[in-house]
Amino acid sequence: MQRGACLCGEVAFVVEAEVQDPIACHCRECRRQSGHFFSAVAAPKAAVRMTKEVGLAWYRASDKAARGFCRTCGSSLFWRADEGPTVMVAMGALEAPTGLRLSGHYWVEEKGSYYDISDGLPQHGRGGA
Ligand SMILES: [Zn+2]
Ligand SMILES: [Zn+2]
């Protein structure tokens, strides 16, 4: 199980499932919303239980997906496709230690020009979160 929260605490949640290793998405949309690239882990939608959601808001980022954030402090928290069983949970929201390690990079062709990906992890093209 993982516990998570936004910066101000007006959104808090638990992930009541074992999750696999997280990914980093370098797409333009994730970079815009998160401020850098977006590291997140897939969790079953039904396993993410909100314990405080007074601050939770959703931005409809496309006709297929929405991005969850805290309306008070602005923390990036979730990426959720309308279809499919999982929601991506921001690694930055999770309480340490998570016991998880980044497993790879996605949408690398849209990464920022101001950094390199040099950790040796697999790099994938379009189609990530
Ligand atoms: Zn907040
Ligand atoms: Zn992305």
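Students often get this wrong: which residues of region 1-45 have the backbone nitrogen under 15 Å from the point 7 angstrom along Cα-to-C-beta of residue 54?
Taking a point 7 Å out along Cα→Cβ of residue 54, the residues of region 1-45 whose backbone N falls under 15 Å are 6-13.
Can you give the calculated 222 nm mean residue ellipticity of the chain, where each DSSP H run of n ≥ 4 adds -39,500 (n - 2.57) and the sum is split over every residue, rounded to the nearest 500 deg cm²/dmol?
Value at 222 nm, helices only: -1500 deg cm²/dmol.
Could you give the length gained on full extension between residue 1 and residue 64, defined as 0.36 nm per residue of separation minus the Cα-Cα distance, in nm?
Gain on stretching residue 1 to residue 64: 19.9 nm.
Values in this text are rule-based calculations from the coordinates and carry no lab data. Keep in mind it's a predicted model, so treat the numbers as computed, not measured. Don't worry about glycine lacking a Cβ; one is built from the backbone with ideal geometry, like all the others, and counts go over all protein chains shown.
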